[in-house]
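Asker: Once you've had a glance at the structure underneath, I'll fire off some questions.
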Amino acid sequence: MANCVIGNPPVWTNEIPKWDRNTVADGNDMGDVIEHLVNNEAYLKRRVDGFYQITLTAAGWTGDAAPYAQTVSVEGILGEDNPSLVSALADGASLENQKAYSKAFGIVASGTGQTGDGTVTFKVYKKPAIDIVVGLKL
């Protein structure tokens with residue numbers, strides 16, 4: 001039997017066969033059941049611990065007029081996800097950096113975000129003047 005393969009992202013399933021005394025013990029079949037359970041556990045852990053840190057660049061916004069858009073790759077995020085936007089301002093940032101970050105974060109937070117499988121597209125009505133690192137929490 002090979003090692004269990006955890007999907008990236010992990011795949012949830014409700015279809016886990018029940019084994020009882022009458023089940024013919026086959027290593028491969030048993031491995032499939034274990035792999036389903038391991039993926040379910042990884043899926044649930046991702047839902048609880050899911051945090052993604054991404055960078056939106058000042059130069060990355062597209063469009064000649066509002067709304068401006070920027071799509072970023074986010075490995076593991078799904079189109080069905082609905083993450084919350086959170087600040088990722090570095091601890092100990094200078095007052096000048098805090099002010100610039102707060103302004104850019106406010107612009108991003110007042111826009112919209114749409115998840116896709118492996119991507120997030122942000123739309124804003126004013127382009128942030130700086131690169132900004134934000135967090136997405138599942």
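Asker: How would you order 131-137, 72-78 from highest to lowest mean count of nearby Cβ atoms within 10 Å?
Answerer: Details: 131-137: 17.0, 72-78: 15.4.
Listed from highest to lowest mean packing, they are 131-137, 72-78.
Asker: Quick check for the chain: number of Lys pairs with alpha-carbon distance under 22 Å, counting only pairs 8 or more apart or on different chains?
Answerer: So the count of such lysine pairs works out to 9.
Asker: If I ignore ligands, DNA and RNA and count only protein heavy atoms, how much of GLU15 is accessible to a 1.4 Å probe, in Å² to the nearest 10?
Answerer: Answer for GLU15: close to 140 Å² accessible.
Asker: From the phi angles alone, apply the Karplus equation (6.51, -1.76, 1.60; θ = phi - 60°) to region 28-39 and give each ³J(HN,Hα) in whole Hz, x where the residue is Gly or Pro.
Answerer: Once rounded to whole Hz, the list reads 5, 5, 5, x, 4, 5, 4, 4, 4, 5, 5, 5.
Asker: Relative contact order for the chain: what percent, with Cα pairs under 8 Å and sequence separation of 6 or more? Don't jump to the answer; show the numbers that get you there.
Answerer: Details: 207 pairs, mean separation 42.8, N = 138.
Answer for the chain is 31 percent.
Asker: Another question, then. Rank by packing, highest mean first: peptides 120-129, 102-111, 84-93, with packing defined as the count of other Cβ atoms within 10 Å averaged across residues.
Answerer: Top of the packing list down: 120-129, 102-111, 84-93.
Asker: Determine the dipole magnitude for the chain: charges of +1 sit on the beta-carbon of Lys and Arg, -1 on that of Asp and Glu, nothing else is charged, the reference point is the Cα centre, and the result goes in debye to the nearest 20. Spell out each step's value before the answer.
Answerer: On the way: 11 positive and 16 negative charges, 158 e Å.
Value, rounded to 20: 760 debye.
Asker: Only one of the listed values, (1) 2.20; (2) 0.94; (3) 1.46, was derived from the coordinates as Cα Rg over 2.2 N^0.38 Å; which label is it?
Answerer: Read-out taken from this structure: (3).
Asker: While we're on this one: With unit charges on the beta carbon (Lys/Arg positive, Asp/Glu negative), name the residue among ILE130, ALA69, GLY31 whose Cα is farthest towards the positive pole of the charge dipole of the chain.
Answerer: ILE130
The values are calculated or read from the model by the stated rules, or taken from the named source; none is laboratory data. Remember, predicted model here, so these are calculated numbers, not experimental data. Note that each Cβ is placed from the backbone with ideal geometry, even for glycine, and that neighbours are counted across all protein chains shown. Calculation scope for accessible area: heavy atoms of the full protein, side chains included, ligands and nucleic acids excluded. Shrake-Rupley method; radii C 1.70, N 1.55, O 1.52, S 1.80 Å.
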